[in-house]
Structure formats: structure tokens, C-alpha cells
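A short worksheet on the structure shown next.
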Amino acid sequence: MIDLEALPHLPGCYLFKNEDGIVLYVGKAKDLKKRVSSYFQKRDHDSKTESLVQTARNLDFIVTNTEVEAFLLENTLIKKHWPRYNIALKDSKRYACIHLTEEKFPRIRLARKKIEGGNFLGPLFLHGK
């Protein structure tokens, strides 16, 4: 049973599971409660999402300190579980990558294109693009 009341208003990852405990979908959110609740309040889902909502019986979640941590954890969990309902980690035809800035106190950011300065990690930059 999925208990929406147990979800915190914090960043993290959520894992929808079927009745056998198999991970169907891994997602990330800056607010777990709002994001997961939206699956059950919204009624105009695409067919893939509608099928996921109907099949999911359980939900696990992991709280992170930041959205960037949630992004990294989501990537790791998808590679570990290979969920049926996750598609490629891309949006708008560009893969999301990690940008480590070159500041005195470096920050970790998400990047979809290369900009000047810093180090970039991810599939887009492995091929020199």
C-alpha cells in the first residue's frame, strides 16, 4: 500500500514497486510528497504513466540533502534496478551531466550543455561534444 502521508516535503528519490517488490520506476524530486502525490491526483497521464500508477503497489523513498544528490542517487538506482518504466536519462534530447565548477569552493550543478570552466562528467562529455 502506498502511504502518501508518510512522505516528507524534502528532496530525494522514490521507487515504485509492484506486488512482488520489483522496482518499476525510480524518480527524483525536490519535494517528495508533492511529486509522488501528483501521480495520484492528476488524471491526464500518458499511457505509460497511467499503467505505472495502476501497477504500483508499494513505494520506497530515500531522502537526500539536495536536488543534486537526488539526481546522482536516481542515476545509481536506475543502473542498479533497470526499472521497466524508466526510459533513457535524457530530457529535450540532451543528457543531463554533472558540472563541477572551478570556484574557490566548487559547486556541483546539473548541465545539459558545456559551458566555459569546470569539469563535466556524464555521457554527453565522454564523446567530446
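Brief remarks on what is shown
- The residue of segment 87-114 that is farthest from the chain's Cα centre (by Cα), among those that are modelled with pLDDT of 75 or more and in a strand (DSSP E or B), is Leu100.
- A residue that is on the phi < 0 side of the Ramachandran plot, in contact with a helix residue (DSSP H, G or I) (Cβ under 7 Å, 6 or more places away or on another chain) and surrounded by 17 or more Cβ atoms within 10 Å (Cβ to Cβ) can be found somewhere in segment 63-75.
- Condition check for Asp44: part of a strand (DSSP E or B) and either over 21 Å from Lys80 (Cα atoms) or acidic (Asp, Glu) (or both): no
- Residues being assigned to a loop (DSSP other than H, G, I, E, B) and either of a type in the set (A, V, I, L, M, F, W, C) or closer than 21 Å to Ile2 by Cα (or both) - total across segment 47-86: 8
- So Lys17, is it over 24 Å from Leu110 (Cβ atoms) and either buried (at least 17 other Cβ atoms within 10 Å of the Cβ) or within 11 Å of the chain's Cα centre (by Cα) (or both): yes
- Any hit, segment 46-54, residues being within 19 Å of Leu73 (Cα to Cα), in contact with a Lys or Arg (Cβ under 9 Å, 6 or more places away or on another chain) and not hydrophobic (A, V, I, L, M, F, W, C): no
The values are calculated or read from the model by the stated rules, or taken from the named source; none is laboratory data. Please read these numbers as outputs of a predicted model, since none were measured by experiment. Neighbour counts are summed over all protein chains in view; Cβ atoms, including those assigned to glycine, are modelled from backbone coordinates with ideal geometry.
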